[in-house]
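This report refers to the structure that appears directly beneath it.
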Amino acid sequence: MDGDPKEQLSALVDDELAPNQRALLLARLLREPQSRQQWAHYHLIGEAMRRALPPAVDPDFSERIARAIATEALPPSPPAAATDSTSSVQHQSVRWLRPLVGLAVAASVAVVAILSLPSSPLHEPASSAPLAQRERSVQPVAVTLPVTPLDTYLRKHAEYAGRVGVAPMLPYVRMVSDER
Amino acid sequence: MRWARGGFALLSLLIGMLPLLTVATEHSPPAPATTRGDQERRGDAVALLRQMVAAPRQLSYEGTFVYMRGDTTTTLRILHRSGPEGELERLHTLDGPRREVIREQGRVVALLPDDGDGVISSGAADLALPVALPEDLTTLQRLYRLQIGETTRIAGHQAQQVTVEPVDALRYGYRFWLAEESGLLLQTELYDGEEVLERVLFTALQLRDTIPMPQLRGASNDAIAQLPEPVHPIHTESQPARWQALTPPTGFALDFSGRHTLLTPDVTIDHLVFSDGLASVSLFIEPDATATNETLAPVTRYGALHACVRQLPGYRITAVGEVPAVTVQQFALAARPIESTTPMEP
Amino acid sequence: MGVKQVDQQLVEQVQQGDKRAYDLLVRKYQHRISRVVARYVDDASEVLDVTQEVFIKAYRALAGFRGDSAFYTWLYRIAINTARNHLIDRGRRPPDSDIDADEALQSGMAVALQSGESPERLLLRDEIEATIHRAIEELPEELRSAITLRELEGLSYEDIATVMGCPIGTVRSRIFRAREAIERRIKPLLEP
């Protein structure tokens, strides 16, 4: 039932494997070269179906990489700080809202969050400094916030641009497609 | 014989494959004594545009398309359902980082499933709103020349091309290719002179009786459920404007005015949307204590979008639109507060 | 999000010294990254060279990856930067102009198969896609539906179960059997 490891691998590729089974399967994946092949093939199938393959494919590519890094020193392990992304300092310009969620602030009912484009070219790292300070404060003190990034405006405009005119799809597609 | 409107397309087909187009007049031999007048042809083009706006709202369909802008190409999938209970639409990327937009009655959800991030906003772009093409398209026709073009085949459908060419340099041009049968757009080009700035090209498009709900939710169910609780809402209200654009660029009229709280509840941002019937420009006015002088930043470009930021003492004005640089700049320069003591229209 | 968790676990595994975990990440993302690189670079061999560079760079930088963003987003940015820098190094400007639709979709046809120094066995995407599409067409209907709803629509097993009117376990099994059948057909293509 749950037993067949190949079927489990298929479920893992779809992210439909129970967390308690994941660790075991990952361990097996790491051990067995043929499982890694299967992993590669299953991903390839999805990409081919979506017509998302590059023009040419090198079946030995991953071996090439493995050989290239075989002689590299292993990357040094990161410091013992937690890597849980919800608690780490947010560097993207608008994801800072999430740490604030933990604070007891009366909020109204409408459900919203902020969309972040992590690769926004407009994000200025300098402006994230005050955010780090806010991270540690307990009360939501009124602080001078950085001005709204252009990204947010571009997105907001896209919402409204689709209301008028005859090409309603373009603004949504702009909203959805890649980094500017 | 006119274009069959979306709902009648099937009926016309049943009537026996009557040629649906009156527009291919360049190809049909002219009658000896009369030719179709410019006015009629423009009328056909207008009818095509109306159908182009109505069809995607009235029909259920699914398709795959490529979006090209500059050096980037993204493949996307769209599913749209139209039924007695209303409309629902899902747009998602098939390559690159996963992104989705779901539009439904009353809200728009934008998601980055890989990052577990998203925005839900209500108002403007949701599908509870009716189609917004004005009944009277005279203004549009003063600003753009409508031209019927060739028929061709795209994604297995017969397509009719329409060009919407700007009469001045304040706006971009569009080329649309509509499926003859349904009126759905198969290809769209947004161009500036010789340069195509954006293109949407369908590689597959099918009409459906309906789309099952799970397909419209897709991967988004989990993603929406896991969005964090908000600190405060992105609050949008339609409001009488506190700002205006004095002498906006020709042909643009105010379409929407409202206020948002976007990043923080204590800052309200005024938002004006102007449109010429095809293109639109947003003016955002944000209180900014650090703005002391009047400055005008160089226009920045994002594919077909231009943005221009201008500072006035105490305010930061951002003009954004899918128009040439000169137009956003004019908008940024035209923005000023409506003095409450002066008897002006809100 | 599940995808993020699996990637994050693999990344942590690499950070703790297990290079085999990196192999899994490479196998998962190599084609997506190649495709991104291919927007900037025309020649197929060159695409693979640059893609290789991306993955080596990412490996070296992995110590600094803290999970602020999804692993793929981070990798994607490295790919864009590497591809752009590659063009600049070669004295070429990153392309401004529009990509013709045909070109974007069919550039595989014009791929140069000259491999230069490194003997790469390059397979054309078209051949792989055609084989896989043929295999899918020949699947029994319920297997074909299951894998299509999964891979093209991105539905969860639960939602597929609803659409297909069957238990989740059946969905899981159908998708697996579809993949097995397809894999049998592509194996001869991919293995020496």
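Can you give the net charge of the other residues whose Cβ lies under 13 Å from the Cβ of residue B:316, counting K and R as +1 and D and E as -1?
Spelling it out: positives minus negatives among the neighbours equals -3.
Amide H to amide H, which residues 5 or more places from residue B:243 or on other chains are under 5 Å from it, using H placed in the peptide plane?
B:338
So if I restrict to the alpha-carbon atoms in the stretch C:116-190, what is the Rg, and what is Dmax, the biggest pairwise distance, in Å?
Rg, Dmax (Cα atoms, Å): 15.2, 54.
Modelled label-to-label distance, residue A:34 and residue C:141, 7 Å Cα→beta-carbon offset: nm?
Here the answer is 3.5 nm between the modelled labels.
Using only alpha carbons, build the gyration tensor for the stretch C:3-92 and give me the equivalent ellipsoid semi-axes, biggest first, whole Å.
In descending order, the three semi-axes are 24, 12, 11 Å.
With a cut-off of 14 Å, note down the residues of the stretch A:35-71 whose backbone N falls inside the zone around a label point 7 Å from the Cα of residue C:121 toward its beta carbon.
A:57-64
Using the beta-carbon distance between residue B:295 and residue B:192 and R0 = 25 Å, what value does 1/(1 + (r/R0)^6) give for FRET efficiency, to the nearest 0.05? Don't skip to the end; give the middle numbers.
Details: r = 27 Å, r/R0 = 1.08.
That gives a FRET efficiency of 0.40.
Take every residue in peptide A:12-25, count the Cβ atoms of other chains within 10 Å of its Cβ, and give the average of those counts. Could the numbers behind the result be given before it?
Working: counts 2, 6, 14, 11, 10, 3, 0, 4, 0, 0, 4, 1, 0, 0.
Partner-chain Cβ atoms within 10 Å, mean over residues of A:12-25: 4.
Put a dot 7 Å past each Cα toward the Cβ at residue B:139 and residue B:58; how far apart are the dots in nm?
Calculated label separation equals 2.5 nm.
Tell me the label-point distance for the pair residue C:187, residue B:105, using the 7 Å Cα-to-Cβ offset, in nm and rounded to one decimal.
Computed distance between label sites residue C:187 and residue B:105 equals 5.2 nm.
Consider a paramagnetic label point 7 Å from the Cα of residue B:152 along Cα→Cβ; state which residues of the stretch B:46-81 have an amide N under 17 Å from it.
Under cut-off, by backbone N: B:65-69.
How shielded is C:18-25 by partner chains, expressed as the average number of their Cβ atoms within 10 Å of its Cβ atoms?
Taking all residues of C:18-25 together, the mean is 6.
Can you work out the FRET efficiency for the pair residue B:254 and residue B:85, with r the C-beta to C-beta distance and R0 = 41 Å, to the nearest 0.05?
So, using R0 = 41 Å, E works out to roughly 0.80.
Take the Cβ-Cβ distance between residue A:71 and residue B:168 as r, set R0 to 51 Å, and report the resulting FRET efficiency rounded to the nearest 0.05.
With a Förster radius of 51 Å, E is 0.20.
Quick check on the stretch A:15-59: take the gyration tensor over C-alpha atoms, sort the square-rooted eigenvalues as a ≥ b ≥ c, and tell me if it's rounded (a/c under 1.5), prolate or oblate.
Oblate shape, in that a/c is at least 1.5 and b/c is the bigger or equal ratio.
Which residues' amide hydrogens lie under 5 Å from the amide hydrogen of residue B:280, considering only partners 5 or more residues apart or on another chain, with H built in the peptide plane?
Residues meeting the amide H criterion: B:322.
Neighbouring Cβ atoms within 10 Å as the yardstick, rank C:19, A:6, A:156, C:28 fewest first.
Fewest-to-most ranking of C:19, A:6, A:156, C:28: A:6, C:19, C:28, A:156.
Please list, in order along the stretch C:173-189, the HN-Hα scalar couplings obtained from phi with the Karplus expression 6.51 cos²θ - 1.76 cosθ + 1.60 (θ = phi - 60°), rounded to whole Hz, x for Gly and Pro.
With the stated coefficients, the stretch C:173-189 comes to 5, 5, 4, 4, 5, 4, 5, 4, 5, 5, 4, 4, 6, 8, 3, x, 5 Hz.
Starting at the first residue of the stretch B:147-152, write each ³J(HN,Hα) from the Karplus equation 6.51 cos²θ - 1.76 cosθ + 1.60 with θ = phi - 60°, in whole Hz, x for Gly and Pro.
So the Karplus estimates, Gly and Pro as x, are 9, 7, x, 7, 9, 8 Hz.
Partner chain Cβ atoms within 10 Å, averaged over the residues of B:63-76 - can you pull that number for me?
The mean count of partner-chain Cβ atoms within 10 Å per residue comes to 6.
Please report, in debye to the nearest 20, how large the charge dipole of the stretch C:3-92 is about its Cα centre when each Lys and Arg carries +1 at its beta carbon and each Asp and Glu carries -1 there.
Numbers: 15 positive and 11 negative charges, 38 e Å.
Rounded to the nearest 20 debye, it is 180 debye.
FYI, it's all coordinate maths here, none of it is from the lab. Keep in mind the model is a prediction, meaning the values are calculated, not measured. A quick note on method: Cβ atoms are made from the backbone with ideal geometry, for glycine too, and the neighbour counts reach across all protein chains shown.
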